[in-house]
1. Looking at 71, 37, which is the one that is in contact with a Phe, Trp or Tyr (Cβ under 7 Å, 6 or more places away or on another chain) and of a type outside the set (Phe, Trp, Tyr)?
2. Where residues in the range 39-51 are open to solvent by 30 Å² or more (accessible area, probe 1.4 Å) and within 26 Å of residue 118 (Cα to Cα), which of them is modelled with the highest pLDDT?
3. Residues in the range 30-79 that are within 15 Å of the chain's Cα centre (by Cα) and part of a strand (DSSP E or B): how many?
4. Which one of the conditions (1) under 25 Å from residue 32 (Cβ atoms); (2) assigned to a loop (DSSP other than H, G, I, E, B); (3) without any contact (Cβ under 8 Å) to a residue 24 or more places away in the chain does residue 182 fail to meet, given that it meets all the rest?
5. Which ones in the range 1-29 are in a loop (DSSP other than H, G, I, E, B) and either farther than 26 Å from residue 73 by Cβ or open to solvent by less than 40 Å² (accessible area, probe 1.4 Å) (or both)?
Amino acid sequence: MPNDRLVFVIPSLGGGGAERVAILLAPRLATTFAVHLVLLENRIVFPSPTDLQTEVLLPRLPGPIAHLLALPFLAIRLRRLLRRVRPQAVLASMEEANLLAILATAGLPIRLVIVQHVEPRRHHPAQGWIGRMLLRGMRSLYPRANLVVAVSRKVAEDESAACGLPARSVIVIPNPIDLRHIAEAARRPPATD
């Protein structure tokens, strides 16, 4: 088992692209790190990799207001978990997890990598006041991360502009592709309906 510990934080394993990426990426990271998968809430559509230590910080939350009210509790629980696990690095994915990871790692000797999956200025205004709050939080907190990753050049450009980050401080790493799943799907007969 690897000695370097990595905490991978994601809001949930509910259905979505970022969640699917987490399921593909976590086992591969486990070949190099002792990975501790942290879900902010108990919403699971994709199965969690069985060989990873997984921890859920809160039960399933009923909506955006509950998420907002839960943020201080999540930050405290995540910080306690980080002090207990003592990872060398935290990898956070998606805005809610990114912001909480930045707050939870403040002052701790932990490297923080955050991943952005959507264009903030395009995606968040459609979410109303919650989207505006997210953008403000991103603008003030994202510069504190050790590394900011975007899944495309367009996301990187928008993130740099929205958060006031120098363009060179955001790197682009495209989402992984599950070639085994694609090969299996190619062998199945096509759907006829």
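The values are calculated or read from the model by the stated rules, or taken from the named source; none is laboratory data. If you're wondering where the values come from, they're calculated on a predicted model, not measured in any experiment. Quick reminder, even Gly has a Cβ in these numbers, built from the backbone with ideal geometry, and neighbours come from all protein chains shown. Accessible surface areas use protein heavy atoms only, side chains included; no ligands, DNA or RNA. Shrake-Rupley method; radii C 1.70, N 1.55, O 1.52, S 1.80 Å.
1. Working: 71 fails: in contact with a Phe, Trp or Tyr (Cβ under 7 Å, 6 or more places away or on another chain).
Just one listed residue meets the conditions, 37.
2. We begin by selecting, within the range 39-51, every residue open to solvent by 30 Å² or more (accessible area, probe 1.4 Å); these are 42-48, 50-51.
Next, from what is left, pick out any that are within 26 Å of residue 118 (Cα to Cα): 42-48.
Numbers: 42: 87, 43: 83, 44: 80, 45: 79, 46: 76, 47: 76, 48: 73.
Looking at residues that are open to solvent by 30 Å² or more (accessible area, probe 1.4 Å) and within 26 Å of residue 118 (Cα to Cα), I get 42.
3. Going through the range 30-79 one residue at a time, the tally reaches 12.
4. (2)
5. Listed by number, the residues that qualify are 1, 2, 3, 4, 11, 12, 14, 16.
Condition check ((1) under 18 Å from residue 112 (Cβ atoms); (2) touching a Leu at 6+ places or on another chain (Cβ under 6 Å); (3) of a type in the set (A, V, I, L, M, F, W, C)) across all residues:
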residue	(1), (2), (3)
3	no, no, no
7	yes, no, yes
16	no, no, no
53	no, no, no
74	yes, yes, yes
86	yes, no, no
94	yes, no, yes
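Conditions (1) modelled with pLDDT of 85 or more; (2) touching a Phe, Trp or Tyr at 6+ places or on another chain (Cβ under 9 Å); (3) under 20 Å from residue 41 (Cα atoms); (4) open to solvent by 60 Å² or more (accessible area, probe 1.4 Å), marked per residue:
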| position | (1), (2), (3), (4) |
| --- | --- |
| 95 | yes, no, yes, no |
| 105 | yes, no, yes, no |
| 108 | yes, no, no, no |
| 112 | yes, no, no, no |
| 117 | no, no, yes, no |
| 126 | no, no, no, yes |
| 148 | yes, yes, no, no |
| 151 | yes, no, no, no |
| 176 | no, no, no, no |
